[in-house]
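A quick write-up on the structure given underneath.
The values are calculated or read from the model by the stated rules, or taken from the named source; none is laboratory data. Source: prediction; values computed, not measured. Surface areas here come from the heavy atoms of the whole protein model, side chains and all, with no ligands, DNA or RNA. Shrake-Rupley method; radii C 1.70, N 1.55, O 1.52, S 1.80 Å.
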Amino acid sequence: QVQLVESGGGLVQAGGSLRLSCAASGSIFSINTMGWYRQAPGKQRELVARVTSRGSTNYADSVKGRFTTSRDNAKNTVYLQMASVKPEDTAVYYCYAEIKKWAWSGELAYWGQGTQVTVSS
């Protein structure tokens, strides 16, 4: 069984900073890409940022220059450092990881439970 547990969400004022963490645990052989999606009320879930096992990153245009994602492979953990946050960043943030449970198995996407980030103006 694989679990992704997120932490670090909460209420922050516009212009402030927040750091999200997501740790994967359980039966894990390897992890490829890890990243973050978000979903605001009434909107579709959208990709925020992702980082490959080699450290290559991609960001949504709306967060470039403000958010930074990184990972600690030894801890199977991915981070999202949010800076200069805006009210439109308010959403439930979900982490995900492409995980291979055994050497002979394919990769499956696993998701965290979601953490609420609310930015006040």
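Here, the chain yields an orientationally averaged convex hull projection of 7.2 nm² when only Cα atoms define the hull. Taking every alpha-carbon pair under 8 Å whose residues sit at least 6 apart, the chain reaches a relative contact order of 36 percent. Relative contact order, whole percent, for the range 65-121 stands at 32, derived from Cα pairs under 8 Å and 6 or more residues apart.
Taking all protein chains together and a 1.4 Å probe, the residues E107, E6, E88 rank E88, E107, E6 from largest to smallest accessible area. Plainly put, the range 6-57 has a radius of gyration that is 1.02 times its Kirkwood radius, both from alpha-carbon atoms, as the Rg/Rh ratio. Rolling a 1.4 Å probe over the heavy atoms of the protein chains gives the chain an accessible area of 54 Å² per residue. Checked against a 22 Å cut-off, the cross-linked pairs K43/K86; K43/K101; K75/K101; K43/K64; K64/K100 give Cα-Cα distances beyond that limit for K43/K101; K64/K100. With springs connecting C-alpha atoms under 10 Å apart, model the chain as a Gaussian network and identify which of Q44, Q81, Q13 has the largest mean-square fluctuation. The residue with the greatest mean-square fluctuation here is Q44. Dividing the mean sequence gap of close Cα pairs (under 8 Å, 6+ apart) by how many residues the range 1-67 holds gives a relative contact order of 22 percent.
Per-residue 3J(HN,Hα) values for the range 56-67, derived from phi via the Karplus relation 6.51 cos²θ - 1.76 cosθ + 1.60 with θ = phi - 60°, read 6, 10, 9, 9, 5, 4, 5, 10, 4, x, 10, 10 Hz in sequence order (x marks Gly and Pro). Would you mind telling me the share, in percent, of accessible area of the chain contributed by carbon and sulfur at probe 1.4 angstrom? Looking at the chain in its full context, I get 47 percent from C and S.
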